[in-house]
Amino acid sequence: MAVNTSAEAPIPVGEVSRLIGGWIDRLGAVWVEGQITQLSRRPGAGVVFMTLRDASYDVSVGVTCYRKVFDSVADVVGEGARVVVHCKPEWYAPRGQLSLRAAEIRPVGVGELLARLEQLKKSLAREGLFAPERKKPLPFLPRLIGLVCGRASAAERDVLENARRRWPAVRFEVRNVAVQGVHAVPQVVQAVKELDAVDEVDVIVVARGGGSVEDLLPFSDEQLVRTVADCRTPVVSAIGHEPDNPLLDHVADVRASTPTDAAKRVVPDVGEEYERVRLLRDRARRCVRAFVDREERGLAQALARPSMEAPHRMIDGRAEEVTALLDRARRSLRHQLDRTDSELMHTHARVVALSPAATLERGYAVLQRADGDAVRDPGEVEAGEVLRARVSGGEFSVRVDA
């Protein structure tokens, strides 16, 4: 229950400590899992002091137990071991300090660790963290490679030497961290986040040499797995040797069997690339040469055709045909004009012969009334009517005599 206090009615520190102790007592005995980071077994002392740490959350708590409790597992438990402790939380009111009083300690065996890792693996897989479509491709030639590894470790040496042997100009941004123990997870997580924030880093390699299941346990930590899954930069996992398979291998974009294999995957081999360029250049030359040869053959065949070899021959042959046709057209036109001229002369003669003027030339006359109509019958005129007479030489007026 909440305690009613105010600036005017505060409660003493001792009362606060007493209340906290009361609340902690209500928790009762619990089973706690963690890793032993400090172990103190003073000769002759009846109590053993330990520090139990949760690497995933960077939390530690002190543990005390009677020597007989610890002696039962002393042969298999030491600093760095993972244990499950049945204990009761205790609050030491004078110092305001929380500790755990252990009644039983059980070491976490390899089989149990593997079973828990398998359960975690299935849970993360159901979330889609290991899905192939999440994998990002590695760049052909990274500008800067981020490397997370142990300080002066064989893994660091293998990655750097093999990468520079393959591509001498390669550049690295190295983060040296603890790769086993209680500090490994927070340091590796922090290093990955720092490298992922560097824009120039195109790929991150997390490398470690071989070891036991317990040694490689930090690389199966859920916090590290989720950190790698959230990276925008491609991540290469190079943990242990080929049989080793921490959860980091599943979430990483590329899994390398060894640190040496990681170096081969992140940078190309300059000798192989030179050879590939040479082969491509030779292939391009062959293609161009084949194209030119094919075009030259086609041009030679085209030039060998009669129309190209002697182009005027066709014109000369056509010129004779044009001359013959032109002569034929002239003869035909001349014959047509002569025939038309003859027909025109005959027509002209007929027209002249049938012309009224020719009739008048022979002494005939045409009588016309005042309205211009020709007189064809004597009954058409009246006595005294004036007519116009047209003759060959002109016309004159005549009067009708009854």
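For Cα pairs less than 8 Å apart in space and 6+ apart in sequence, what is the mean separation divided by the residue count of the chain, i.e. the relative contact order in percent? Show your work: numbers first, answer last.
On the way: 589 pairs, mean separation 39.7, N = 402.
Across the chain, relative contact order equals 10 percent.
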| request: Report the calculated FRET efficiency for A389 and A324 (r = Cβ-Cβ distance, R0 = 60 Å), to the nearest 0.05. | output: 0.40
| Exposed-loop-free span, longest in the chain, where chymotrypsin sites (Phe, Trp or Tyr not before Pro) count as exposed if DSSP calls them loop and at most 15 other C-beta atoms lie within 10 Å | 141-363
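Give, in nm to one decimal, the length gained when the segment between R42 and T5 is fully stretched (0.36 nm per residue of separation minus the Cα-Cα distance). Provide the component values of the computation, followed by the final result.
Details: separation 37, 0.36 × 37 = 13.32 nm, distance 4.40 nm.
In short, 8.9 nm is gained.
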| said: Using a probe radius of 1.4 Å on heavy atoms only, what accessible surface per residue do you get for the chain? Whole Å² is fine. | reply: 64
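If I take every Cα pair under 8 Å that is 6 or more residues apart in region 1-160, average their sequence separation and divide by the length, what percent do I get for the relative contact order?
On the way: 200 pairs, mean separation 29.6, N = 160.
Contact order relative to length: 19 percent.
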| Surface accessible to a 1.4 Å probe, D293 within the full protein complex, Å² | 60
| query | Quick one, which of (i) 60, 50, 41; (ii) 191, 76, 36; (iii) 71, 57, 37 is the actual Cα extents along the principal axes in Å calculated for this model? | reply | (ii)
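Could you tell me which of rounded, prolate or oblate describes region 2-131, using a ≥ b ≥ c as the square roots of the eigenvalues of the alpha-carbon gyration tensor, with rounded for a/c under 1.5 and, failing that, prolate when a/b is larger than b/c and oblate otherwise? Write out the running numbers ahead of the final one.
Values: a/c = 2.91, a/b = 1.36, b/c = 2.14.
Note, shape of region 2-131 comes out oblate.
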| said: Show me, for region 378-392, the HN-Hα J-couplings you get by feeding each phi into the Karplus relation (A = 6.51, B = -1.76, C = 1.60, θ = phi - 60°), rounded to Hz, glycine and proline as x. | reply: x, x, 7, 10, 10, 5, x, 6, 8, 10, 10, 10, 10, 10, 4
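Take the cross-link list K135/K264; K136/K193; K68/K88; K193/K264; K136/K264 and give me the ones stretching past 26 Å between alpha-carbons. Don't skip to the end; give the middle numbers.
Details: K135/K264 19 Å; K136/K193 17 Å; K68/K88 17 Å; K193/K264 24 Å; K136/K264 17 Å.
Beyond 26 Å: nothing from the list.
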| field | Under Karplus coefficients 6.51, -1.76 and 1.60, residue-wise ³J(HN,Hα) of region 281-290 in Hz, glycine/proline x | value | 5, 5, 5, 5, 5, 4, 5, 5, 5, 5
| Cleavage-rule hits (trypsin sites (Lys or Arg not before Pro)) in region 118-204: DSSP loop, at most 16 neighbouring Cβ within 10 angstrom | K135, R143, R151, R171
| message | Show me the GluC sites (Glu not before Pro) within region 1-67 that DSSP assigns to loop and that have at most 14 other Cβ atoms within 10 Å of their Cβ. | response | E8
| Given H placed on each backbone N at 1.01 Å, which residues far from V174 in sequence or on other chains put an amide H within less than 5 Å of it? | L147
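Net charge near P186: determine it from the other residues with C-beta under 10 Å of the C-beta of P186, scoring Lys and Arg +1 and Asp and Glu -1.
Working: positive: none; negative: D58, D221.
In short, -2.
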| remark: In region 19-61 the accessible area split gives carbon plus sulfur, as whole percent at 1.4 Å, a share of 55
| query | Placing +1 at every Lys and Arg Cβ and -1 at every Asp and Glu Cβ, with all other atoms neutral, what dipole size does region 1-63 have around its Cα centre, in debye to the nearest 20? | reply | 320
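Output the direction-averaged projected area (hull surface divided by four) of the convex hull of the alpha-carbon atoms of region 252-312, in nm². Before the final figure, lay out each step's value.
Working: hull surface 28.5 nm².
Answer in nm², one decimal: 7.1.
Roughly speaking, to the nearest percent, how much of region 233-311's 1.4 Å accessible area is carbon and sulfur? Don't jump to the answer; show the numbers that get you there.
Details: 2700 of 4850 Å².
For region 233-311, the apolar C and S fraction of the accessible surface comes to 56 percent.
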| query | What ³J(HN,Hα) values, in whole Hz, does the Karplus curve 6.51 cos²θ - 1.76 cosθ + 1.60 give for region 267-277 when θ = phi - 60°, with x put for Gly and Pro? | reply | 10, x, 8, 4, x, 5, 5, 4, 5, 5, 5
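Below 8 Å, C-alpha to C-alpha, sequence gap of six or more: please give me the relative contact order for region 215-257 in percent.
On the way: 55 pairs, mean separation 18.7, N = 43.
Answer for region 215-257 is 44 percent.
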| the chain - mean residue ellipticity at 222 nm from DSSP helices (-39,500 (n - 2.57) per run, n ≥ 4, rounded to 500) | -13500 deg cm²/dmol
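The values are calculated or read from the model by the stated rules, or taken from the named source; none is laboratory data. All values reported here derive from a predicted model rather than from experimental measurement. Note that each Cβ is placed from the backbone with ideal geometry, even for glycine, and that neighbours are counted across all protein chains shown. What goes into the accessible areas is simple: the full protein's heavy atoms, side chains included, and nothing from ligands, DNA or RNA. Shrake-Rupley method; radii C 1.70, N 1.55, O 1.52, S 1.80 Å.
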